[in-house]
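The values are calculated or read from the model by the stated rules, or taken from the named source; none is laboratory data. Note that the coordinates shown come from a computational prediction; the quantities given were computed from them, not determined experimentally. Cβ placement follows ideal geometry from the backbone for every residue including glycine, while neighbour counts extend to all protein chains displayed. Heavy atoms of the whole protein, side chains included, go into the accessibility calculation; ligands, DNA and RNA do not. Shrake-Rupley method; radii C 1.70, N 1.55, O 1.52, S 1.80 Å.
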Amino acid sequence: MVRRYGDPVEVRRGRVEGTEGPEQFLWRGRLYVVRGVLAHWVETGAWWRSASVRPVYGLDTDQVEDAATGVRGRGEPATDPPASAVAVLDDHGREVWRVEARAGRRGGPTVVDLALDEADGHWLLLRVHD
């Protein structure tokens, strides 16, 4: 079972088993120590909706693309984004670490997904895996 949260957490980075990433985190008043990094990946946001991409598509700020139909405000079909729009990806992503952690010395292992939002530098606890 996976429980979703999106709670802000304080994270101390370091090396765990030779991998750079979250070493400890404080969640809901409890300190968790990371015992192992199980996975690490980057998620990209909805970069195609950002204001910085609108000029690439030739859209004014009043024109909106419907995400479900892919149709622009004037009824023009949307096309795949040009290669120049791909540079925007880096501005809207977040790094995610799936880690095994323990709360204190008596706590059992817990697998959680921690995310670092690259835009604002804040950490979130996204999911807890049971």
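Please work out which residue is farthest from Val9 (Cα to Cα), limiting yourself to the stretch 25-42 and to residues that are open to solvent by less than 50 Å² (accessible area, probe 1.4 Å) and touching a Lys or Arg at 6+ places or on another chain (Cβ under 6 Å).
Ala39
Considering only the stretch 7-20, state which residues are open to solvent by less than 60 Å² (accessible area, probe 1.4 Å), modelled with pLDDT under 95, part of a strand (DSSP E or B) and over 23 Å from Arg106 (Cα atoms). Let's see the steps before the verdict.
In the first step, residues of the stretch 7-20 are kept if they are open to solvent by less than 60 Å² (accessible area, probe 1.4 Å); the result is 7, 9, 11, 14, 16, 18-19.
Still in the running and modelled with pLDDT under 95: 16, 18-19.
Narrowing the set further to residues that are part of a strand (DSSP E or B) leaves 16, 19.
The answer is Thr19, and nothing else.
Between a residue in the stretch 1-30 that is farther than 13 Å from Leu114 by Cα and any residue that is open to solvent by 100 Å² or more (accessible area, probe 1.4 Å), which pairs come within a Cβ distance under 6 Å, given they are 6 or more apart or on different chains?
Met1/Asp130
Answer yes if at least one residue in the stretch 82-92 is polar (S, T, N, Q), loosely packed, with under 15 Cβ neighbours inside 10 Å, at pLDDT below 55 and part of a helix (DSSP H, G or I), and no otherwise.
yes
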